[in-house]
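The values are calculated or read from the model by the stated rules, or taken from the named source; none is laboratory data. All figures in this text were calculated on a predicted structure; none of them were measured in a lab. Note that each Cβ is placed from the backbone with ideal geometry, even for glycine, and that neighbours are counted across all protein chains shown. Only protein heavy atoms, including side chains, enter the accessible area calculation; ligands, DNA and RNA are left aside. Shrake-Rupley method; radii C 1.70, N 1.55, O 1.52, S 1.80 Å.
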Amino acid sequence: MSEFQAVVFAAGRGTRLPEVLGDAPKCLLPVGPYPLIWYPLNMLQQHNFSEVIVVVLEQEKLEIQSALENTPLKLRLDYATIPSDGDFGTADSLRYIYDKIKSDFLVVSCDLVSNVSLYPLINKFREHDAALAMLLFPSGFESDVVMPGPKSKHKPERDLIGIHAATQRLAFVSAASDCEETLNIQRHLLKNRGRLEVYSRLVDAHVYVLKKWVIDYLRRKENISTFKGEFLPHLIKKQHSKRPPKTVQDTTSEVGVVTKNEDHVLHYVDHSILDQKITQTSLFNQSLSQAPYHGDVVRCYGIQAPKDAIGVRVNNTLSFLAINRKLASIWNNLCGEKHPLISPGAIVKSTQTKEIIAADNAKLSEKTSLNFSVFGPNCIINPKNIVANSLIMSNAVVEEGCNIDNCIIGHRAQVKSGSVLKNCIIGPNYVVEEGTHSQAVHQSNADQFMEIDIQ
């Protein structure tokens, strides 16, 4: 798809996944047989993208690059690194890679797992010459999954999203936590624009189609650090901006040089007489009896995915567990039959298995009973073990004679011989001592017994 560039953000530090992440890059979390970042990249490949810019932390580039080389991707990946010691938000990262963006572009988060077609989103962007089109899907993918470990109540983050029903124009996007008891809606959002629907159970997929001029404008807004929290609401509000005089007098110049007001969003939007005529005569213009789009030059749209589509953002431990738990049942709808659930590089000697998933170089020994579980890359399951309804993460080791039921065994964790674990979370790099019997606990190096915050 040469019309657009694609950017995948993979520089997140996974601060909402402390129970399982450890020192591994968030984008390499095992989701079934592949790392998390493989799923958005595969989605872009299925939409005929041939090249993707992948934004990563400088110190993680080689590890991510090596992991993706072992996956069946045919994309050309251009790694854009940002300093590991900096505090970069997503808007900061976009500014940092500004020189790489030459055209309209898609931004996708590395934590998206979805089978949603992007074509309706892209077509809406094209039809209305939009500044932005964002993808939304229903929340609740993980609502029927119970976390192992100590009992805790999951409090999902929610957004309030206002959409004009007739046009799919975005009216506002804000975090529900920012509103107190009431939601105040400005009058101009209702006047002559039809019914406004407000949603509290839609998830921002973090898939955005953007005009090239948007990053030009963002480059000037150095005080904006995050895309979702700061720049997105800012841009949506700018839809109702009125064009100021095209030039202002430079009072500091003795010769009266006319300069451009580069702080106003409309100075970045192409709106020549020809552009206006094209908009007026477009078949997609929904305001033929008056000024097109009520005179709005900046236009932002929210496109809802079909209700039966698969869509989850793996940005906390509960959603990470949920996608792995459900992956076998949705695999064909998500990825098709050409991608096996047991990686060709996995070594599976066990003859007693049922609905397991094994990533590259997972070693599953003989004389084991393995059921309804996911085994990450380079993990080792020794003989005489029973593993059921569990997630064994990358490089974890389970020694002989263990019984593991409904557990998460973290990155590089070790479970010593004879241990019996039920409904437990074992943190990254943690060593479960020989003969341990534990139930419904979270064991980690930071705090051996700690409650889980999965907000």
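A few notes on this one:
- Fully extended contour minus Cα-Cα distance, from SER177 to LYS349, at 0.36 nm per residue: 56.9 nm
- Share, in percent, of DSSP beta bridges within the range 1-140 that are antiparallel, nearest 5: 10
- Label-to-label distance, nm, for residues given as TRP213 and SER241 (7 Å Cα→Cβ offset): 0.9
- Treating r as the C-beta distance of GLU434 and LYS151 and R0 as 22 Å, the FRET efficiency rounds to 0.20.
- For VAL431, the residues whose modelled amide H falls within less than 5 Å of its own, excluding neighbours fewer than 5 places apart on the same chain, are GLN414.
- In this structure, the amide hydrogen of ALA440, modeled 1.01 Å from its nitrogen in the peptide plane, lies closer than 5 angstrom to those of GLY149, LYS422, ASN423, CYS424, counting only residues at least 5 positions away or on a different chain.
- Across the range 341-352, coupling constants 3J(HN,Hα) worked out from phi with the 6.51/-1.76/1.60 Karplus curve, θ = phi - 60°, read 6, 9, 4, x, x, 7, 10, 10, 9, 5, 9, 10 Hz, and Gly and Pro carry x.
- Across LYS74/LYS212; LYS155/LYS211; LYS102/LYS326; LYS338/LYS422, pairs whose alpha-carbon gap is larger than 29 Å: LYS155/LYS211; LYS102/LYS326; LYS338/LYS422
- Solvent exposure of the chain amounts to 47 Å² per residue of accessible area, where only protein heavy atoms count and the probe is 1.4 Å.
- Remark: spin-label model distance GLU197-GLU63 equals 4.3 nm, labels positioned 7 Å along the Cα→Cβ axis.
- What the phi angles of the range 431-445 give under the Karplus curve with 6.51, -1.76 and 1.60, with θ = phi - 60°, is a coupling list of 10, 8, 5, 4, x, 5, 10, 9, 9, 6, 10, 10, 10, 8, 6 Hz, glycine and proline written as x.
- DSSP finds beta bridges in the chain, and of those with both partners inside it, around 35 percent are antiparallel.
- With eigenvalues of the C-alpha gyration tensor scaled by 5 and rooted, the chain, Å: 46, 22, 21
- Rounded to the nearest 500, the helix-only mean residue ellipticity at 222 nm of the chain stands at -5000 deg cm²/dmol, with each DSSP H run of n ≥ 4 adding -39,500 (n - 2.57).
- Alpha carbon convex hull of the range 306-455, volume per residue in cubic angstrom: 102
- To put it simply, the accessible area of the chain at a 1.4 Å probe is 47 percent carbon and sulfur.
- Here the gap between HIS294 and LYS307, fully extended at 0.36 nm per residue and compared with their Cα-Cα distance, gives a gain of 1.6 nm.
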